[in-house]
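What follows is a short report on a single structure.
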Amino acid sequence: MTPAARLSAAIEVFADIEARRRPAADALKDWGLSHRFAGSGDRAAIAGLVYDALRRKSSSAWLVGEATPRAVLIGMLQRERGFDVAAIEALCDGGRYSPAPLTEAEQAALQRGPLVGAPAHIEGDYPEWLDPFLARAFGDERAAEGAALASRAPLDLRVNTLAGTREDALPELAHLGAEPARWSPIGMRIRLGADAKSPAIHAEPLFLKGRIEIQDEGSQLAALLAGAKPGEQVIDLCAGAGGKTLALAAAMENHGQIYATDTDKRRLVAIHDRLARAAARNVQVRTPKSVGDVLADLAGRADLVLIDAPCTGIGTWRRNPDAKWRIRPGALAERIKQQEAVLESAVALVKPGGRIVYITCSVLAEENGDRVRAFTGRHGDFSVEKPVNVINGLGERAYLFARAVLISDEGLLMTPRRTDTDGFFVSMLRRSA
């Protein structure tokens, strides 16, 4: 397919997403099934255009002056990919399989350039109803933080230190352009171009041998900051597919015990194969049952309870750009209820001197600092560990990391703009001895 034909296809897919309010992945899959002539490179390029348009949906529509799928895709080419008017005109030449030529109004809009006078939610490309929440979190910097959340994410990998070192792994991934992560001592990063296909990491020998896992650097850091040590008793309350469970097992060098569970047993389906591949032998998966508490026998025994809490997921918008347009105000209230419940369920499990590490992939104070303050207000025997002390666990990277993150009395916040990671909040709550 020509670049112009790919653009036409992306406009078609975007229109389907908007009309049916469906996930982008589903719309792209259906398009591929009904256009089997398109090769893998074509499908990757079309997906890149669609996801970039979702990232810059508001600002692209503002730039062109209307919110049609065509306007958003055309505006995105300038906003995200830096195309000038001539380059966009070359794609929209009205030929076979090409978009219709630019109208005079479209040409004039593209020539105007920057988003002069645009409100913060337009510059930051996020839903307008979230503006007061992001203003509370970031103040006048909310547009810049939102724009960074709209950027394209790299592919991050974590080295499984039970099976090798980063220094050993990097040369074996040189063909993918892997480089050391900025903050995580066990992380690697692969930067992807706009039209690049995601590399088949699951087919790489390193992955098949359990020596690497796909995990955002922010998620790696959250697990590292939990400070799990060999010999400890650890409970991962929201284990899901096991990403942080695996990281904890490696940090503990397979000594001690991790109990991994989740309120939804369906989320645990993938964890068993991942544990086996990584040779993580100190993990016991507790699948929730319809009757009884699967953790009742662990009351008062845990050195560490890790809560990777259910949240709005705003911090992952770089990887899920369509999710931000599907989130609704009611979702925040529902997530807060879930966060309160999971924090309360952790209390009985922590032994004197033990700790709860509360993590969200959200940037909102309502899900982060507010929940921590509410928790310590209810439980006077818990106090917040100073974030600077928690960061010291990163060793030589601690000083610069402390300057990059947003630090509050309740914890620390990573964001794409500040740390070039997904957005993660981390708080350590220590029980008095």
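Looking at (1) open to solvent by 40 Å² or more (accessible area, probe 1.4 Å); (2) part of a helix (DSSP H, G or I); (3) modelled with pLDDT under 95, which is the only condition Ala433 fails?
The failed condition is (2).
Can you name every residue in the stretch 129-147 that is open to solvent by 20 Å² or more (accessible area, probe 1.4 Å) and either within 22 Å of Val50 (Cβ to Cβ) or modelled with pLDDT under 95 (or both)?
Across the stretch 129-147, the qualifying residue is only Ala147.
Since Leu33 meets every condition but one in (1) surrounded by fewer than 22 Cβ atoms within 10 Å (Cβ to Cβ); (2) hydrophobic (A, V, I, L, M, F, W, C); (3) closer than 15 Å to Trp325 by Cβ, which condition does it not meet?
The one condition Leu33 does not meet is (3).
Filter the stretch 299-337 down to residues that are within 16 Å of Asp236 (Cβ to Cβ) and either in a helix (DSSP H, G or I) or of a type in the set (Asp, Glu) (or both) and give me whichever is least open to solvent (accessible area, probe 1.4 Å).
Looking at the filtered set, the residue picked out is Asp303.
Condition first: touching a Cys at 6+ places or on another chain (Cβ under 8 Å) and either loosely packed, with under 12 Cβ neighbours inside 10 Å or within 20 Å of Ala67 (Cβ to Cβ) (or both). Now tell me which residues in the stretch 91-120 satisfy that.
Of everything in the stretch 91-120, those that are touching a Cys at 6+ places or on another chain (Cβ under 8 Å) and either loosely packed, with under 12 Cβ neighbours inside 10 Å or within 20 Å of Ala67 (Cβ to Cβ) (or both) turn out to be Pro99, Ala100, Leu102.
Working carefully through the options Ala53, Ala15, find the one that is closer than 18 Å to Arg326 by Cα and touching a Leu at 6+ places or on another chain (Cβ under 6 Å).
Ala53
Looking for whichever is open to solvent by less than 30 Å² (accessible area, probe 1.4 Å), in contact with a strand residue (DSSP E or B) (Cβ under 6 Å, 6 or more places away or on another chain) and more than 19 Å from Met428 (Cβ to Cβ) here; the options are Ile235, Ile212, Ile258. Which one fits?
It is Ile212.
Just a yes or no: is a residue in the stretch 366-388 at pLDDT below 95 and of a type in the set (A, V, I, L, M, F, W, C)?
Yes, the stretch 366-388 has at least one match.
Regarding Thr161, is this residue touching a helix residue (DSSP H, G or I) at 6+ places or on another chain (Cβ under 6 Å) and either in contact (Cβ under 8 Å) with a residue 60 or more places away in the chain or open to solvent by 30 Å² or more (accessible area, probe 1.4 Å) (or both)?
Criteria met by Thr161.
The values are calculated or read from the model by the stated rules, or taken from the named source; none is laboratory data. Nothing here was measured: the structure is a model prediction, and the numbers come from that model. With ideal geometry, Cβ positions are generated from the backbone for all residues, glycine too; neighbour counts draw on all protein chains shown. Accessible surface areas use protein heavy atoms only, side chains included; no ligands, DNA or RNA. Shrake-Rupley method; radii C 1.70, N 1.55, O 1.52, S 1.80 Å.
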